[in-house]
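Enquirer: One structure, as structure tokens, below. Some questions next.
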Amino acid sequence: MGGLVSLLGHYLVVGVHAVGRFTLLLGAVLANWTAIFKSRGRVAEQMAFVGVTSLPLIILTSIFVGAVTTWQTAYQIKNYVPMRYLGTAVGRAIVIELAPVLTALVVAGRVGAGMAAELGSMKVTEQVDALETMAINPVRFLVVPRVVAGLIMLPILTIFADLIAIGGALGVSVMFLGVPQETFISGFKLFFKISDLFAGLLKASIFGLIISLVGCYQGLGTTGGAEGVGRSTTRAVVVASVSILIADYLVAVLLFRQ
Amino acid sequence: MIDLIGLRKSFDGQKVLEDCSLHVERGETVVIIGRSGTGKSVLLKHLVGLMQPDSGQVLINGENTVEFNQDEWQQARTQFGMLFQNAALFDSMPVWDNVGLGLLEHTRLKRHEVYEIAQRKLELVGLTDVEEKMPAQLSGGMKKRVALARAIARDPEIILYDEPTAGLDPITGDMINELIVRLRDRLRITAVAVTHDIASARKIGDRIYMLHDGKMVGEETPASLDQTDNPYIRQFIRGEAHGPIDTGLATV
Ligand SMILES: Nc1ncnc2c1ncn2[C@@H]1O[C@H](COP(=O)(O)OP(=O)(O)OP(=O)(O)O)[C@@H](O)[C@H]1O
Ligand SMILES: [Mg+2]
């Protein structure tokens, strides 16, 4: 019993420490945001990295997300709701929820892991120390460009995901469900609000911030050689994915009042 | 210029530095020898604030750096150059960018001007036609020399060398020794060099200390090194397994 309590206490202390350090990193990023002017090249480099590494996978997942959502929605509403509302239900689900969240999860697995691995190996090979001895702030030099790239690229990738998923949805309705294209599209337009799209993109930005910040945090906190880099990489993906889902819920509560 | 006073540092209960003190005058090169794992690299890292002592003081120009905040360190580090034991080159950047990064970040020099400076510094360490290569394309000794070029790129006042000649052939090693001597004689650079290489220690050091059991023992000059009456240093420079330093050989 005492052992359990002290173990829980230990985890609590470790957890509080981690939250503290994470907050410090966030603060340091905000304090150094002006670095984006001096390091435009590095921001562009990171944006390309985020976009190029994730786009193929996002295209693939989005097609199937659109397709399966349509199939399932049709199955659930048939006999209750006329099929002309299929586009309404599917379209909003994709734009508000599915495209931002699934894009973020895919990017967390690719880019978040990549950032943690790159910064982690820089840390264990003393490259981060070398930056510091050259009076170059690692947060300014390494973290800020990555965070900015995440913040900008996630909404852009999400727009791609929106379009492709809706394309997939349309394809399934027309080819397999016998819902004509015009019916689907007019259903989609029926209750569509531009604010839904922006809500989705706002979420995407928040997720982008989470992914890159968590990836950098785990990377810079790496200790213990190649094995440590592996640990940080896994942890970056797990922590970012869980945080994305939690943040998604919080944003939903704030943005979509019942 | 540099004073270490009563430095203590341990990692998870393992004592590495214990009441370690050292004084370095402006314009001199102090060499620290010592067995592998005694804490020489740890000592150098304390001088640039990469590690914080458990207790003791690190004075640079009379200022106690242990109390420095991040901004003060940023400021202080602009006068330092450091050669890391394992080179620590930025592996996502070409060689010239590695050497010139400090200049690109801290001065208003144009990229082509920085490129030329990098080229000159690389020539000083005996490297030509490597500017566009990536670190992964270099040999170990070449990496070390690129790291040295990076350490001297901004003409620092203080240079810390962690094993400058390790992994180099004797001829290149001697060339690096001469470069270090030249930097001291012509530019009056203050330096602390860590090495295992006794020939190099003789050549570059004004004074030579040995780090043993967390403390500095002996104070030798290149001339006095061979006649030293310090038993630890004698055993070290002769490279003998038997002597006052217990190698654990007898227990096998
Ligand atoms: N970051 C660290 N965390 C824990 N222990 C460390 C750390 N850095 C160094 N040590 C320990 O401190 C001791 C001294 O290490 P250091 O790297 O200074 O040795 P060294 O004298 O430079 O050896 P070598 O000549 O082999 O480079 C070693 O026992 C090492 O295990
Ligand atoms: Mg060492």
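Enquirer: So if I check each of A:118, A:126, which one is without any contact (Cβ under 8 Å) to a residue 40 or more places away in the chain, within 9 Å of another protein chain (Cβ to nearest Cβ) and of a type outside the set (Ser, Thr, Tyr)?
Expert: Answer to the selection: A:126.
Enquirer: Another question about this same structure. Which is outside any helix (DSSP H, G or I), away from every other protein chain (no Cβ under 14 Å) and at pLDDT below 95, of A:85, A:80, A:75?
Expert: A:80
Enquirer: With (1) free of Cβ contacts under 8 Å to residues at least 60 places away in the same chain; (2) buried (at least 20 other Cβ atoms within 10 Å of the Cβ); (3) under 24 Å from residue B:76 (Cα atoms); (4) not β-branched (Val, Ile, Thr) as the list, and residue B:142 as the residue in question, which single condition is left unmet?
Expert: Evaluating residue B:142 over (1) free of Cβ contacts under 8 Å to residues at least 60 places away in the same chain; (2) buried (at least 20 other Cβ atoms within 10 Å of the Cβ); (3) under 24 Å from residue B:76 (Cα atoms); (4) not β-branched (Val, Ile, Thr) leaves (3) as the failure.
Enquirer: Among the residues of region A:210-234, how many are polar (S, T, N, Q) and either part of a loop (DSSP other than H, G, I, E, B) or closer than 30 Å to residue A:90 by Cα (or both)?
Expert: Looking only at that region, the number is 3.
Enquirer: When you scan region B:104-124, how many residues do you find that are more than 8 Å from chain A (Cβ to nearest Cβ) and over 21 Å from the mean Cα position of the chain (by Cα)?
Expert: 14
Enquirer: In addition: For residue B:15, indicate whether it is farther than 21 Å from residue B:87 by Cβ, within 16 Å of ligand 1 (Cβ to nearest atom) and in contact with a Pro (Cβ under 6 Å, 6 or more places away or on another chain).
Expert: So residue B:15 does not fit the description; no.
Enquirer: Check region B:74-97 and report whether any residue there is outside any helix (DSSP H, G or I), touching a residue at least 60 places away in the same chain (Cβ under 8 Å) and more than 13 Å from every other protein chain (Cβ to nearest Cβ).
Expert: No, because not a single residue in region B:74-97 is outside any helix (DSSP H, G or I), touching a residue at least 60 places away in the same chain (Cβ under 8 Å) and more than 13 Å from every other protein chain (Cβ to nearest Cβ).
Enquirer: Also, quick follow-up: List every residue pair whose Cβ atoms sit under 8 Å apart, with the two residues 6 or more apart in sequence or on different chains, where the first one lies in region B:31-42 and is within 14 Å of another protein chain (Cβ to nearest Cβ) and the second, anywhere, is within 6 Å of ligand 1 (Cβ to nearest atom).
Expert: B:41/B:85; B:42/B:16
Enquirer: Can you run down the residue pairs with Cβ atoms below 8 Å, 6 or more apart or on separate chains, where the first is in region B:111-129 and farther than 15 Å from residue B:154 by Cα and the partner is not in a helix (DSSP H, G or I)?
Expert: As it stands, the answer is none, since no pair meets every condition given.
Enquirer: Same structure, new question: Failed condition for residue A:133, given (1) out of contact with any strand residue (DSSP E or B) (no Cβ under 8 Å at 6 or more places or on another chain); (2) within 14 Å of chain B (Cβ to nearest Cβ), with all others met?
Expert: Every listed condition holds for residue A:133 apart from (1).
Enquirer: Restricting attention to helices (runs of 4 or more DSSP H) lying wholly within region B:168-252, give those where 1 or more residues are under 18 Å from the mean Cα position of the chain (by Cα) and closer than 16 Å to residue B:148 by Cβ.
Expert: By residue number, B:170-187, B:198-204.
Enquirer: Mind checking whether some residue in region B:114-126 is surrounded by 18 or more Cβ atoms within 10 Å (Cβ to Cβ) and either among the acidic types (Asp, Glu) or part of a loop (DSSP other than H, G, I, E, B) (or both)?
Expert: The answer is yes; a qualifying residue exists.
Enquirer: I've got another one for you. Return only the number of the condition from (1) under 29 Å from residue B:56 (Cα atoms); (2) modelled with pLDDT of 90 or more that residue B:150 does not satisfy.
Expert: (1)
Enquirer: Does at least one position in region B:164-180 carry a residue that is within 14 Å of another protein chain (Cβ to nearest Cβ) and crowded, with 22+ Cβ neighbours inside 10 Å?
Expert: Within region B:164-180 (the criterion being within 14 Å of another protein chain (Cβ to nearest Cβ) and crowded, with 22+ Cβ neighbours inside 10 Å), the answer is no, since none of the residues qualifies.
Enquirer: Can you work out which of the residues in region B:31-46 that are more than 6 Å from ligand 1 (Cβ to nearest atom) and basic (Lys, Arg) is nearest to residue B:237 (Cα to Cα)?
Expert: Ranking the candidates gives B:35 first.
Enquirer: Being more than 10 Å from chain A (Cβ to nearest Cβ) and without any contact (Cβ under 8 Å) to a residue 24 or more places away in the chain: is that true of residue B:13 here?
Expert: Judged against the criteria, residue B:13 is a match.
Enquirer: If you take the residues of region B:48-70 that are facing chain A (nearest Cβ under 10 Å) and at negative phi, which of them is surrounded by the most Cβ atoms within 10 Å (Cβ to Cβ)?
Expert: The qualifying residue surrounded by the most Cβ atoms within 10 Å (Cβ to Cβ) is B:48.
Enquirer: Could you grab me the full set of residues in region B:195-224 that are surrounded by 15 or more Cβ atoms within 10 Å (Cβ to Cβ), of a type in the set (Gly, Ala, Ser) and farther than 17 Å from residue B:35 by Cα?
Expert: B:205, B:224
Enquirer: Having 2 or more residues that are within 16 Å of ligand 2 (Cβ to nearest atom) is the bar; report the strands (runs of 3 or more DSSP E) wholly within region B:1-66 that clear it.
Expert: Output list reads B:2-11, B:14-24, B:29-33.
Results for (1) away from ligand 1 (no atom under 16 Å from the Cβ); (2) touching a Ser or Thr at 6+ places or on another chain (Cβ under 8 Å), shown as yes or no for each residue.
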residue: B:188; (1), (2): yes, no
residue: B:192; (1), (2): no, yes
residue: B:216; (1), (2): no, yes
residue: B:220; (1), (2): yes, yes
residue: B:224; (1), (2): yes, no
residue: B:230; (1), (2): yes, no
residue: B:234; (1), (2): yes, yes
residue: B:243; (1), (2): yes, no
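Enquirer: Report, by residue number, each residue of region A:14-28 that is hydrophobic (A, V, I, L, M, F, W, C) and closer than 13 Å to residue A:147 by Cβ.
Expert: A:22, A:25, A:26, A:28
Enquirer: If you don't mind, another one. Counting only residues that are modelled with pLDDT of 95 or more, give me the helices (runs of 4 or more DSSP H) lying completely in region A:123-209 with at least 2 of them.
Expert: A:127-133, A:144-176
Enquirer: Another question about this same structure. For region A:39-55, what are the residues that are of a type in the set (A, V, I, L, M) and in contact (Cβ under 8 Å) with a residue 24 or more places away in the chain?
Expert: Scanning region A:39-55 gives A:43, A:47, A:50, A:55.
The values are calculated or read from the model by the stated rules, or taken from the named source; none is laboratory data. Every value quoted in this text rests on a predicted model; they were computed, and no experiment measured them. Methodologically, a virtual Cβ is constructed for each residue, glycine included, from the backbone with ideal geometry; neighbour enumeration extends over all protein chains shown.
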